[in-house]
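Read the structure below first, then the notes.
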Amino acid sequence: MAEQRTLKQLTKKDFLERVHHGTLSADQVLAKLLTELQQFEQKYGMRSEVFQALIVGTPAEDHPDFTQWAMCYRSYFRTLQTKFPFKELANYAH
């Protein structure tokens, strides 16, 4: 039987401190956010894009899980934009 690796869980505070102090690369941040997004997607049976489109502006938006999911989704795209600025990506559109 293959041995399973256990990943050390970071608290949100530790995670934010590492990001703030630059000890986590953008790739590491993206990987952690993507893992969290996938957990929400599995739990609720829908893609994050669909969730985001359906939940914004509704009373359900205030549910703690949904608030966390929405913050994670926005954080993922903000981090992605810092790694690949729009101006840089525009060069590939032509």
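Okay, residues lined up against (1) of a type in the set (A, V, I, L, M); (2) exposed (fewer than 13 other Cβ atoms within 10 Å of the Cβ); (3) part of a helix (DSSP H, G or I):
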| site | (1), (2), (3) |
| --- | --- |
| Leu24 | yes, no, no |
| Lys32 | no, no, yes |
| Ala53 | yes, yes, yes |
| Tyr73 | no, no, yes |
Candidates Lys13, Lys43, filtered to the one that is within 16 Å of the chain's Cα centre (by Cα), modelled with pLDDT under 90 and surrounded by fewer than 16 Cβ atoms within 10 Å (Cβ to Cβ): Lys13
Conditions (1) closer than 22 Å to Asp27 by Cβ; (2) modelled with pLDDT of 90 or more: number failed by Ala53: (1)
Filter result (in contact (Cβ under 8 Å) with a residue 24 or more places away in the chain and of a type in the set (Lys, Arg)) within region 39-71: none
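The values are calculated or read from the model by the stated rules, or taken from the named source; none is laboratory data. Here the structure is a predicted model, which is why all the values come from computation and not from measurement. Glycine gets a Cβ as well: all are built from the backbone with ideal geometry, and neighbour counts include every protein chain shown.
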